Amino acid sequence: MNLQPSSIVILGAGLMGRLLAVELARQGHAVEVFDSGGPAAEHAAAPVAAAMLAPLAESAVTEPGVVRMGQYSLPRWREMLGALAQPVFFQQEGTLIVWHRQDAAEAQRLKRLLEATQTTIPDLPAMQVLDGAGVTAAEPTLAHRFAQGLYLPGEGQLDNRQLLAALAHEMDRLQVRCHWHTPRDPGEFSPGTPGQADWLLDCRGLGARGQWKALRGVRGEVVRLHAPEVTLRRPTRVVHPRYPIYIAPKENHLFVIGATEIESDDLSPASVRSTLELLSAAYAVHTGFAEARIVEIATQCRPTLPDNLPAVRQPRPRVLEVNGLYRHGFMIAPAMLDVVLQLMATGQSPLASRFDLALPTGDDTRALP
């Protein structure tokens, strides 16, 4: 998928912008990045995430193409993380799903959705139905707390903030020219013309709404806790009809807990109600969270298109716009990366067809919201 040596400008240094910058610089291209924030990616959605890599679990709220992206991306993450100079926490020990007795009907509905996904995509690792002893075997710290559960083998997670820092370090090491706190507009560039870069890649998320009118923000809220008394070994999801939560254990007893998903561009601090719901639900899973320390309560808006699906479009020659990763950014980012690399190298992407990913160009971009 390698291009002839080129000069490439990337707008936006969130997750996709950094992955593209590192991969293209490794291929020998001259890469220049412009971002409205700094190296910590404070304006991006990526720092406010649990970074779970859970294609079957997420199939309850997305389409088969996105599930295939997540399935494709798991081994790619292991490969890409192994090439970074700085270590990044990565785990692939599956997802545990549990529920309280009063939510059994909702759990059965979820189980049917996951079974339908496995029928559609039979090469996904088979879901396992657990009784109380099975839940205890999977997570001894939850012994006698849940009578039933589901285990989804092969799913994983990583530490999003370690990854963003490692990618920033790699960009420096590869001599990517980074212009922090320097927002730029695609209209300022004419790639392929004298004195200009050969390619322009727009990865600005919600910052691209001036060019992609249908983008909207979907607000997410997460709590980061330090809980030395809790020893969950893998991401755990709790079924609930109103606010299903996830608990993602990172290194050194740090836990990322989230659930809320609000149709809003509001970036104000988290509400008391949503914070209480997250903390109460976490305590109901494990009483050890009562003595946890709140490290951070964070909010951010995820860039989302009307169909909640990701997209790559080419509004003019040598310009690619990558957006709409919604809540699945970390799960599908390697797949999106490889689609873009194929498009740049050959003008086509067999992977896009495999993932049911629309690739409108020129005037056809109007057909995509």
Per DSSP H run of n ≥ 4, the term is -39500 (n - 2.57); total these for the chain, divide by its residue number, and report the mean residue ellipticity at 222 nm rounded to 500 deg cm²/dmol.
-9500 deg cm²/dmol
What ranking of Tyr283, Tyr72 comes out by heavy-atom accessible area, probe 1.4 Å, highest first?
Tyr283, Tyr72
Probe 1.4 Å, all chains present, heavy atoms only: Phe355 accessible area in Å², nearest 10, is 10 Å²
Of all DSSP beta bridges located in the chain, what percent are antiparallel, nearest 5?
65 percent
Can you tell me which of Arg18, Arg68, Arg293 moves the most in a GNM of the chain? Springs connect C-alpha atoms under 10 Å apart.
Arg293
Could you sort Lys250, Lys111, Lys213 by accessible area so the largest value comes first, with the probe set to 1.4 Å?
Lys213, Lys111, Lys250
Distance between segment 291-331 and segment 22-62 - C-alpha centres, whole angstrom
8 Å
Candidates Val176, Val129, Val230: whichever shows maximal mean-square fluctuation once the chain is modelled as a Gaussian network with Cα springs under 10 Å
Val129
Whole-number accessible area per residue in Å² for segment 42-171, which is evaluated in the context of all protein chains at 1.4 Å
41 Å²
Of the candidates Val230, Leu206, Ala165, the farthest towards the positive dipole end of segment 158-255 (Lys/Arg Cβ +1, Asp/Glu Cβ -1, centred on the Cα centre) is Val230
Once you sort the root eigenvalues of the Cα gyration tensor of segment 174-241 as a ≥ b ≥ c, which label holds: rounded (a/c under 1.5), prolate (a/b larger than b/c) or oblate (the other case)?
prolate
Ignoring any ligand, DNA or RNA, what whole percent of the accessible area of the chain comes from carbon and sulfur when the probe is 1.4 angstrom?
51 percent
Students sometimes get this wrong: rank Glu79, Glu296 by accessible area, probe 1.4 Å, all chains present, largest first.
Glu79, Glu296
Check: C-alpha center segment 228-251 vs C-alpha center segment 67-97, spacing in Å is 19 Å
Quick check: Cα centre of segment 180-216 to Cα centre of segment 116-142, how many Å?
43 Å
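The values are calculated or read from the model by the stated rules, or taken from the named source; none is laboratory data. Given the structure is predicted, the values throughout are model-derived calculations rather than measurements. Backbone-built Cβ (ideal geometry, glycine too); neighbour counts: all protein chains shown. For the accessible areas, the whole protein counts, side chains as well, though only heavy atoms, and no ligand, DNA or RNA atoms are used. Shrake-Rupley method; radii C 1.70, N 1.55, O 1.52, S 1.80 Å.
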